[in-house]
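Presented below is the structure to which this report refers.
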Amino acid sequence: MNATSEQKAPRPAPEIPLSKQMANQQSADLIRAAKQAKARGEKIAWASAVFPQEIPEALGMVVLYPESFSAGVAARKKAGPFLEEAEGTLGYSQDICSYIRINFAFGALHDKEGFEEFEFPMPDCLLLCNNSCGQVMKWFENLSEQLDIPIFFFDAVYNYDEDGIPDYRMRYLTDQLKQLMIDLEAFTGKKLDQERFLDVQKRSQINRELFQQVVEKSLYKPSPATGFDLYNYISVMITCRGKSSTTQIMTQLRDEMEARHQAGTSSFRGEERHRTYWSGIACWPYLSHNMRTMKRSGMNIVASGYVRSWMLEYEPGDLASMARAYAVSVAANISVPEYAQRSADMIREYGCDNMICHNNRSCKISAYNLDCGRHLILEQTGVPCVSFDGDQSDYRVYSEAQFETRIQGLEEILEGKEESGHVE
Amino acid sequence: MLTLGIDIGSATSKVAVMRGGTVVLATALRRAGIGSDGPGAVLRDALRLAGCQMEDIAAVAATGYGRNMMEEADYRISELSCHGRGAHFLAPETRTLIDVGGQDAKVIRLDGRGRIMEFMMNDKCAAGTGRFLEVMAQVLGCGIQEFSGLAEGQEAAPISSTCAVFAETEVISRLAAGTPRGSIAAGINLSIAKRVGGLAMRMGVVPAVMMSGGVAQNASLVDMLGRELGADILVAKECQFCGALGAALLAWEKTRASGRKEP
Ligand code: SF4
């Protein structure tokens, strides 16, 4: 027997759940559909993360989401060459959102040798909504100029008072959707079938409801999933929330989570001693380090406001309610008190005993909400909280040791509370 | 029962040896931190000063960024808990502890028993930390001890940048413009005081306020920070040993609670 065959057999790779396989297939299908559409001479689009997808979907237009693409690149730990290109040759500042830097560099590198694995067909137009942040606007303006393609813009208007959206603004929002239909019809040369539009709206609501059910499985104690798991399915809701393939994926995922609960198992590989509310986007390149560190302290993410950004609830057939949903659902487009209220409600509903905040260098708006809203959340809930510095897709803005210290410190606070019987 | 706390930081290693969780037998410090021979050397120094051997120690707790590398440790505890417990030992009235170490600045809220209730730390960059101060001292061509004396009683020249890289350029151009070194040093202290003060005020400052870490020896900075916060700041003479003392104390508490036998 030689030395190699004497070595221990490698551990079998963990089985990929069927829902995840389906999600992977869905994203491969989307890229294929984009390529085929281009080959047929049809127009395809790139869209910002929470654009009213119902309209292009009903028109049969293929839409890709560059933020999701950048997140995927970072999660696969392949962001380095893109960040270097953006900051080096292209001369963009490191202060710009890393999703955007990766995307700009992708524009410059996509047809170069060595970048074949990054399949993401280039757009013929841009679909932009400013409900996620202001940087997206500059990003798309820049792309529009470089690629010489039009932008179709939905101005969601920042909300200072989401309960009191005045009528004139509701009309402004709704009329924009109507105009969007007209403009996209003209651009694609396709006619928008109202029946089909209604079907897509209904499908989007079915998917939202299913995703909600998935998220609510974490109400179980212990939760049958780690919150990081759900982050892996967000791209399904971002890119395909109006499609029936999403219905199948979410149904499967919901059933898998229920089955795990029934069997007393969980994808969280530790004992769930503490239930965490995670505020902010994930730190994609360090997902596994975050997870390992938190597992050691028995902390499982059971709730996150970020995940809820794609739960757009409205009445199919009622354009105004759809417009309103796009204006008020995303955490980045609501007032600080409302952001804090939603966070506090989730902390209570999901029985969280601590909060971890990702102070994201890229995403100024989420860092702003955190800094300004944190004390409001803590006043209401009284849970201990830590924040750490990171970035969703720039792997250089993170320190493993600092994350570990903060989590250990948080654990020690929680242990102290338990000892003195103060745990809520 | 003898317990030992070792605090391995980025720039220094500190040890405290205690008896029965009340008496400090020895403290020792070396200006060499993680990845150097500092931790081993300081351990030997402290044992020698305490007049004992490693075998006499009932429990060792390690803290600081190098805590996980300390093989002899029975406990590895975050520097937050250790600093908190150390501050409580030095001044039980402490409710807000501001620790500025080599690599980070932290503000810790303590309860009446020295346990952490809440904390905030600076972000990943060196602004407002000992490292920032070291870089600035280098630019001014002096050691860190001399730096504090230099700044004493001087009018602060405005240093607007808290980024070590930008501040370095700013300091060089001030020197070139003929600004006295003392004013520049005071300006640097003020920029750190504002940064650390901001961190403390974000959490809320409950008196009594204590400052620990090597930077607490910089009297002009402590003074400025006190003015920023509108509070008197206690600085214990053992301010650099807060973490090591806390570790030794927690090692004692944990060992007692676990009923482990003394060697
Ligand atoms: S800054 Fe935040 S909201 Fe804007 S594109 Fe980047 S991640 Fe998205």
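The values are calculated or read from the model by the stated rules, or taken from the named source; none is laboratory data. Note that the structure is a prediction, hence the values are computed from the model and not measured. Every residue, glycine among them, receives a Cβ derived from its backbone with ideal geometry; neighbour counts consider all protein chains shown. With ligands, DNA and RNA removed, areas are computed over all heavy atoms of the protein, side chains included. Shrake-Rupley method; radii C 1.70, N 1.55, O 1.52, S 1.80 Å.
Checking the structure you have, find out if any residue of the range A:205-214 is in contact with a helix residue (DSSP H, G or I) (Cβ under 7 Å, 6 or more places away or on another chain) and among the aromatic types (F, W, Y). Looking through the range A:205-214, at least one residue is in contact with a helix residue (DSSP H, G or I) (Cβ under 7 Å, 6 or more places away or on another chain) and among the aromatic types (F, W, Y).
Check the range A:90-100 and report whether any residue there is free of Cβ contacts under 8 Å to residues at least 60 places away in the same chain, closer than 23 Å to A:K364 by Cα and away from the ligand (no atom under 15 Å from the Cβ). Checking the range A:90-100: at least one residue is free of Cβ contacts under 8 Å to residues at least 60 places away in the same chain, closer than 23 Å to A:K364 by Cα and away from the ligand (no atom under 15 Å from the Cβ). The C-beta contact set for the range B:56-67 (first residue at negative phi, second residue among the basic types (K, R), distance under 6 angstrom, 6+ apart or interchain) comprises B:A62/B:R76; B:R67/B:R76. Scanning the range B:91-115 for residues that are among the aliphatic types (A, V, I, L, M) and more than 9 Å from every other protein chain (Cβ to nearest Cβ), we see that the one that is surrounded by the fewest Cβ atoms within 10 Å (Cβ to Cβ) is B:A91.
Can you find even one residue in the range A:382-393 that is within 16 Å of the ligand (Cβ to nearest atom), out of contact with any Cys (no Cβ under 9 Å at 6 or more places or on another chain), closer than 17 Å to A:Y277 by Cα and not basic (K, R)? No, the range A:382-393 has no match at all. Looking at the range A:365-387, which of the residues that are touching a His at 6+ places or on another chain (Cβ under 9 Å) and surrounded by 23 or more Cβ atoms within 10 Å (Cβ to Cβ) is farthest from the other protein chains (Cβ to nearest Cβ)? For the range A:365-387, the residue satisfying everything is A:S366. Across the range B:149-177, the number of residues qualifying as of a type in the set (G, A, S) and either in contact with a Cys (Cβ under 6 Å, 6 or more places away or on another chain) or at pLDDT below 80 (or both) comes to 4.
In the range A:127-148, the residue that is nearest to the other protein chains (Cβ to nearest Cβ) out of those that are away from the ligand (no atom under 13 Å from the Cβ) and open to solvent by 20 Å² or more (accessible area, probe 1.4 Å) is A:E141. Screening the candidates A:C363, A:C352 for the property of being within 13 Å of the ligand (Cβ to nearest atom) and either over 30 Å from A:Q176 (Cα atoms) or touching a residue at least 24 places away in the same chain (Cβ under 8 Å) (or both) yields one hit, A:C363. Once the range B:63-90 is narrowed to residues that are under 19 Å from B:R256 (Cβ atoms) and among the aliphatic types (A, V, I, L, M), the residue that is surrounded by the most Cβ atoms within 10 Å (Cβ to Cβ) is B:I77.
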